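Asks: Have a look at this one before I ask anything.
The values are calculated or read from the model by the stated rules, or taken from the named source; none is laboratory data. Predicted, not measured: the structure shown is a model, and the values here were computed from it. For neighbour counting, all protein chains shown are included, and Cβ atoms are generated from backbone atoms with ideal geometry for every residue, glycine included. Just so you know, the surface numbers come from the protein's heavy atoms only, side chains and all, with ligands and any DNA or RNA stripped out. Shrake-Rupley method; radii C 1.70, N 1.55, O 1.52, S 1.80 Å.
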Amino acid sequence: MEMLKNTSNNMKTSLLAGSLIFLVVAITEVILGAFKIYADSKELEEHWVNAIPFPPGIFTGLAILIVSLVWLVGYFVIKKDQNANGYLSVGTILALGFILLFILILITDIFNAYALGLEDYENWTVLASLRWIIFLSPIPMFFTIKYRDLIFTRKKKTSALQS
Amino acid sequence: MSVKTKKVKEMTLDDKRVIEVALAGNPNTGKSTLFNALTGLRQKIGNWPGVTVEKKEGKKRCDGFNLIITDLPGTYSLSAYSLDEKIARSFIIEGKLDVVVQIIDASNLERNLYLTTMLRELGANVVIALNMMDLLEESSSSIDVNKLSKEMGVPVVPMIASSRIGIDDLENTIESIYQKEQKPIRITYSKEIEEVLANVQEILMSIPSIPSDFDSRWLAIQIIQNDPEILTFLKNWNVNKTIIEKLLSFGREDYEAEIIDTKYEFITNVTSKALKRGEEKLTRSDLVDKVVTHKWLGIPIFLIVMWGAFQFVFAISVPFMELIDMLFGWLAGLLVDNINIGWLGSLLGDGIVGGLGAVLIFVPPIFAMFFILSVLEDSGYLARAAFVMDKIMVKFGLHGHSFIPMLLGFGCNVPAIMSTRSLKNNKDRMITILINPFMSCGARMPVFILFAGLFFGAAAGTVIFALYILGIVVAIFTAILLRKTFFKGKSAPFIMELPPYHTPKLRSATVAMWDKGKMYLKKAGTIILIGVMFVWFLAAMPFGGVEYGGPDTWLAAVGTFFEPIFRPLGFDWRIVVALIVGFVAKELVVGALGTIVGGGGSEEGIKDAILADEGFYPLNSLSLMVFTLLYVPCAAVIGVMRKETGSWRWTIFAVVYSTVIAWLFALVVFQLGSLMNLGL
Amino acid sequence: MSNKVTKLDQLEIGDIAKVITIDVSGELRRRLMEMGLTRGTLIEVIGKAPLGDPIEYKFKGYNLSLRKEEANKVVVEH
Ligand SMILES: Nc1nc2c(ncn2[C@@H]2O[C@H](COP(=O)(O)OP(=O)(O)O)[C@@H](O)[C@H]2O)c(=O)[nH]1
Ligand SMILES: [Mg+2]
């Protein structure tokens, strides 16, 4: 019983911390992204937002915001002494899915920029695509390692069938 | 039953015995996975006669014998009220089968065994393939295979189809039982029902024309449940009218419920002996469902999953599209420059290679779209998406399952319309088919990109987004209209299984991508290629002296003829020509414009030529985009609509309706724009 | 379970009830019963779609979604 309590306290802290960190990243991106859209629509080349070394993305910000909210709701669910494994899993799997997506985008970006030399990539830097992966990876990775058994199905050898 | 006729077929296939097998089972139990594992690529995909339900057949060489395997539609029952059940049932009755393999999801034994009781009552020679043993073990439940086999009176082969475990066992078991006669299962019903059954059976025995294939107890059970198909059977056997009436008079509404109850009691008795359930009350899937269907989180999660899917499609297809573009541009240039006979170089270069390139460039996004959708479907999330969207869809006169075809429509309307087969109610399905072309497919994108990019600068993205929204709005409006007029009534019940979440398998996503993407390649290879050559021909005729695509060609004559209808929309003959060509395929529109306005075939050249041309300006390019969005996507869609609706009338309706709607919306855009004098 | 007779759509998330009968005839009753909603079946409410309809249930070891309209035809003891 004592051990159960500990695990759930542990998870409560993890969910809150993960959620808040993602929340900061998400809100920053959304606000910067909004400025960027504004600057683009008014064609303000000189706007300060364009001085940031990567283009902020409002939609990516929203996606991260939702992951953060899933964890946050999970935190409150644990506070009510209910099972929040689902919240932990869904948030983490969504985040991992986005990391995979951004890795894919990074690879295609590098290909587009260097191998194909596309025009759109004149001002592109590796950092612009890489930063998502750097921002997003630590927490979901940590959750995946720490709570692997809750998030993923264990690969047991099905002995009964092997014979 | 036919399955009992003992025959050794010694034909074809290296003179070995041929065993005919059908795969039956509930949906989502791994039927396709097992079928693919058994047959590999030796399969034939067609339709069941007269209907648009897919039929797959395959062969498998085994040690000393050969299997011919038919994949039956996935069903929960065999009561012959739905099309799928009817197909499965009559194939089992008439198919001269040796063995029916029922694939069962071991983690969902009870409901799956219901179908087994029906198969056994029907008298089929059944083998149970007890699949998903890995999931069963994970849920810490267990099944006593021997007991299950004994209680159900059939062999049971445990397996994990997705890891190809247990396939050999299954083959051997099929071989060992195919000549043995299984006794039909006998579930004892209530005393009253048994008495009625006895009476009916007695009458049936006295009718000599009933083929010996038919089990009289099975027939009697169907008759007292008012099975509508039995009447057809009886008539076919020339049974005397008064006897038919007498037989049918035994039918009672309540028997059906009682019979189903008794069958499930029988099953509960079997599972109480053979199945040990784990303690876990809420499974992992249940916990995930609580999040995915959460009151506040459900719809945002749905939206970001869709957003992620589209990001995936774009990210992965851009480099491939660029490569295809470069390759075909280079090839076309090479042909035009190096073939000395002018018209031949132009036909091969501008016409065929250029046109093929314009079509093949859409292969990457379409394949990527099918890939990611198959991943979502395999994972189990797509069923939840339909669940989350159902209420909204019903408001619009649609059904939760309409959502997937609508989403697919953004890729290509052809497979999207084919995917409406998941809708079992005809009205729901017709509406979903008829509105699908308004979902803006990938082929319309180049037109939008060209014109929005040229005339709307920084607002191009917004304009394109607004076009997509307009398409969706028109689709919804049309759905509501159709539901209120031609397809009155409620949408079908949403009795849908929510399968447990699985980790998607790369292999099955790749197979699904290829299966569906092939349809697009076929379209590209046939209709579009012919269209390209036709346009080239008209643009080059009459021979001698006329400038290719110039005002003296046959192409111009066609455009000029229709021009008056389109003048109120701001189109001159050249745009009209491009739009007529667009009837064949939207992929041709940009190319056709290039042919007419000049620009040397390259994207940049076309842009410069259009900018320099007085016939193109922001307002008429806007109405051109609206028209392109709303009228018939392509000839292939017309073809597939005809096939899937089974009606020329509705196909023609869709073509005329969408063209009229397109004309009206473009008219409003152009005339309002002119009136308001926006300076566009 | 307090032995109150009610309809399936009236239950709250987490409730468990026992099926008594299906209060409709014809095709709908057959389909519901064939999916396993037979007399005596224990059924749990897992969740509701964000807009309150349809509803996800669990019984006989699997999950099924029903619209309120159909769930309203299932008489249960709760
Ligand atoms: N874990 C597990 N998954 C399986 C097994 N067999 C099939 N699947 C998965 O179950 C899902 C449904 O399989 P499919 O063959 O499409 O089912 P169908 O609807 O009956 O044709 C797919 O994601 C398969 O990869 C199995 O033995 N174990
Ligand atoms: Mg399948």
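Asks: Which residue pairs have Cβ atoms under 9 Å apart, sit 6 or more places apart or on different chains, and have a first residue in segment B:340-355 that is closer than 14 Å to B:PHE534 by Cα and assigned to a helix (DSSP H, G or I) and a second that is aliphatic (A, V, I, L, M) and at pLDDT below 70?
Replies: From residues that are closer than 14 Å to B:PHE534 by Cα and assigned to a helix (DSSP H, G or I), the pairs are B:GLY355/B:ILE528.
Asks: Here's a check for you: in segment B:140-171, which residue that is surrounded by 15 or more Cβ atoms within 10 Å (Cβ to Cβ) and more than 29 Å from B:GLU279 (Cα to Cα) is farthest from ligand 1 (Cβ to nearest atom)?
Replies: The qualifying residue farthest from ligand 1 (Cβ to nearest atom) is B:GLU171.
Asks: Being hydrophobic (A, V, I, L, M, F, W, C) and open to solvent by 20 Å² or more (accessible area, probe 1.4 Å), is that true of even one residue in segment B:265-277? Working first, answer last.
Replies: Filtering segment B:265-277 down to residues hydrophobic (A, V, I, L, M, F, W, C) leaves B:266-267, B:270, B:274-275.
From what is left, the residues that are open to solvent by 20 Å² or more (accessible area, probe 1.4 Å) are B:266, B:275.
Scanning segment B:265-277, I find at least one residue that is hydrophobic (A, V, I, L, M, F, W, C) and open to solvent by 20 Å² or more (accessible area, probe 1.4 Å), so the answer is yes.
Asks: Could you grab the pairs with beta carbons closer than 6 Å, sequence gap of 6+ or different chains, first residue in segment A:69-91 and more than 7 Å from every other protein chain (Cβ to nearest Cβ), second one crowded, with 23+ Cβ neighbours inside 10 Å and outside any helix (DSSP H, G or I)?
Replies: A:GLY74/A:ALA84; A:VAL77/A:ALA84; A:ILE78/A:ALA84
Asks: Kindly evaluate C:GLU44 against the criterion of being open to solvent by 10 Å² or more (accessible area, probe 1.4 Å), assigned to a helix (DSSP H, G or I), within 10 Å of chain B (Cβ to nearest Cβ) and not basic (Lys, Arg). So that I can check it myself, show each step before the final result.
Replies: On the way: open to solvent by 10 Å² or more (accessible area, probe 1.4 Å): yes; assigned to a helix (DSSP H, G or I): no; within 10 Å of chain B (Cβ to nearest Cβ): yes; not basic (Lys, Arg): yes.
Judged against the criteria, C:GLU44 is not a match.
Asks: Exactly one condition in (1) more than 30 Å from the chain's Cα centre (by Cα); (2) buried (at least 22 other Cβ atoms within 10 Å of the Cβ); (3) hydroxyl-bearing (Ser, Thr, Tyr) is not met by B:THR116; state its number.
Replies: B:THR116 satisfies all of (1) more than 30 Å from the chain's Cα centre (by Cα); (2) buried (at least 22 other Cβ atoms within 10 Å of the Cβ); (3) hydroxyl-bearing (Ser, Thr, Tyr) except (1).
Asks: Among the residues of segment A:36-52, count how many are farther than 20 Å from B:ALA460 by Cβ and open to solvent by 60 Å² or more (accessible area, probe 1.4 Å).
Replies: Number of matching residues: 3.
Asks: Return the residues of segment A:32-62 that are among the hydroxyl-bearing types (Ser, Thr, Tyr) and in contact with a Phe, Trp or Tyr (Cβ under 9 Å, 6 or more places away or on another chain); say none if nothing qualifies. If you could, list the steps in order and put the result at the bottom.
Replies: Applying the first criterion (among the hydroxyl-bearing types (Ser, Thr, Tyr)) to segment A:32-62 yields A:38, A:41, A:60.
Matches in segment A:32-62: A:THR60 only.
Asks: Just to be sure I understand the filter: pairs with C-beta atoms under 7 Å, separated by 6 or more residues or on different chains, first member in segment B:360-372 and under 18 Å from B:ALA585 (Cα atoms), second member of a type in the set (Phe, Trp, Tyr) and part of a helix (DSSP H, G or I). Which pairs pass?
Replies: The qualifying pairs are B:VAL363/B:TYR520; B:PRO364/B:PHE320; B:ILE366/B:TYR520.
Asks: For segment A:42-59, enumerate the residues that are at the interface with chain B (Cβ under 9 Å from one of its Cβ atoms) and in a helix (DSSP H, G or I). Give the steps one after another, and end with the answer.
Replies: To start, the set of residues in segment A:42-59 that are at the interface with chain B (Cβ under 9 Å from one of its Cβ atoms) comprises A:42-43, A:59.
Across segment A:42-59, the qualifying residue is only A:PHE59.
Asks: For residues in segment C:1-26 being part of a loop (DSSP other than H, G, I, E, B) and of a type in the set (D, E, K, R), which is surrounded by the fewest Cβ atoms within 10 Å (Cβ to Cβ)? Outline the logic, then answer.
Replies: So in segment C:1-26, the residues part of a loop (DSSP other than H, G, I, E, B) come out as C:1-4, C:11-15, C:23-26.
Filter again for of a type in the set (D, E, K, R), leaving C:4, C:12, C:15, C:23.
Values: C:LYS4: 10, C:GLU12: 8, C:ASP15: 15, C:ASP23: 11.
The extreme case among them is C:GLU12.
Asks: So, one more: Can you pull out the residues in segment C:47-71 that are open to solvent by 30 Å² or more (accessible area, probe 1.4 Å) and over 19 Å from B:TYR501 (Cα atoms)?
Replies: Hits for segment C:47-71 are C:LEU51, C:LYS68, C:GLU69.
Asks: Oh, and also: Spot the failing condition for A:ILE66; the list is (1) surrounded by 18 or more Cβ atoms within 10 Å (Cβ to Cβ); (2) of a type outside the set (Gly, Ala, Ser); (3) within 9 Å of chain B (Cβ to nearest Cβ); (4) closer than 19 Å to A:TYR147 by Cα, and only one is missed.
Replies: Only one criterion in (1) surrounded by 18 or more Cβ atoms within 10 Å (Cβ to Cβ); (2) of a type outside the set (Gly, Ala, Ser); (3) within 9 Å of chain B (Cβ to nearest Cβ); (4) closer than 19 Å to A:TYR147 by Cα is unmet by A:ILE66, namely (4).
Asks: Filter the helices (runs of 4 or more DSSP H) completely within segment B:217-320 down to those with at least 3 residues that are within 13 Å of chain A (Cβ to nearest Cβ), more than 25 Å from B:LEU109 (Cα to Cα) and not acidic (Asp, Glu).
Replies: Working: elements: B:228-236, B:241-248, B:253-274, B:284-292.
No helices (runs of 4 or more DSSP H) qualify here.
Asks: Of the conditions (1) more than 14 Å from chain C (Cβ to nearest Cβ); (2) more than 16 Å from ligand 1 (Cβ to nearest atom), B:VAL100 satisfies every one except a single condition; which number is it?
Replies: Just one mismatch for B:VAL100, condition (2).
Asks: Can you pull out the residues in segment B:26-48 that are more than 14 Å from ligand 2 (Cβ to nearest atom) and assigned to a strand (DSSP E or B)? Talk me through it step by step, then tell me what you get.
Replies: Just the residues of segment B:26-48 that are more than 14 Å from ligand 2 (Cβ to nearest atom), to begin with: B:40-42, B:44, B:46-48.
Matches in segment B:26-48: B:LYS44, B:GLY46, B:ASN47.
Asks: Restricting to segment B:382-399, name every residue that is surrounded by fewer than 22 Cβ atoms within 10 Å (Cβ to Cβ) and more than 10 Å from chain C (Cβ to nearest Cβ).
Replies: Those that are surrounded by fewer than 22 Cβ atoms within 10 Å (Cβ to Cβ) and more than 10 Å from chain C (Cβ to nearest Cβ): B:LEU382, B:ALA385, B:PHE396.
Asks: Checking the condition under 22 Å from A:ARG148 (Cβ atoms) and modelled with pLDDT of 80 or more, which residue from A:ALA26, A:ALA95 passes?
Replies: On the way: A:ALA26 fails: under 22 Å from A:ARG148 (Cβ atoms).
Among A:ALA26, A:ALA95, only A:ALA95 is under 22 Å from A:ARG148 (Cβ atoms) and modelled with pLDDT of 80 or more.
Asks: While we're on this one: Please report, ordered by residue number, the helices (runs of 4 or more DSSP H) entirely within segment B:368-420 with at least 1 residues that are assigned by TED's automatic domain parsing to the domain that holds B:GLY489, among the aromatic types (Phe, Trp, Tyr) and within 17 Å of B:ILE495 (Cβ to Cβ). Reasoning before the result, please.
Replies: Details: elements: B:381-395, B:403-409, B:413-418.
Correct list: B:381-395, B:403-409.
Asks: I've got another one for you. Let me confirm something: among B:LYS607, B:LYS643, which residue is out of contact with any Gly (no Cβ under 8 Å at 6 or more places or on another chain), open to solvent by 10 Å² or more (accessible area, probe 1.4 Å) and over 22 Å from B:PHE561 (Cα atoms)? Let's see the steps before the verdict.
Replies: Working: B:LYS607 fails: out of contact with any Gly (no Cβ under 8 Å at 6 or more places or on another chain).
Unique residue meeting the criteria: B:LYS643.
Asks: A follow-up question, please. Can you list the helices (runs of 4 or more DSSP H) lying wholly within segment B:558-676 that have 1 or more residues being under 17 Å from B:ALA539 (Cβ atoms) and not small (Gly, Ala, Ser)?
Replies: Working: elements: B:573-584, B:587-597, B:603-611, B:618-630, B:635-645, B:648-676.
Passing ranges, in order: B:573-584, B:587-597, B:603-611.
Asks: Which condition from (1) within 29 Å of C:LEU51 (Cβ to Cβ); (2) modelled with pLDDT of 85 or more; (3) away from ligand 2 (no atom under 16 Å from the Cβ) is the one that B:LEU408 breaks?
Replies: So the condition that B:LEU408 fails would be (2).
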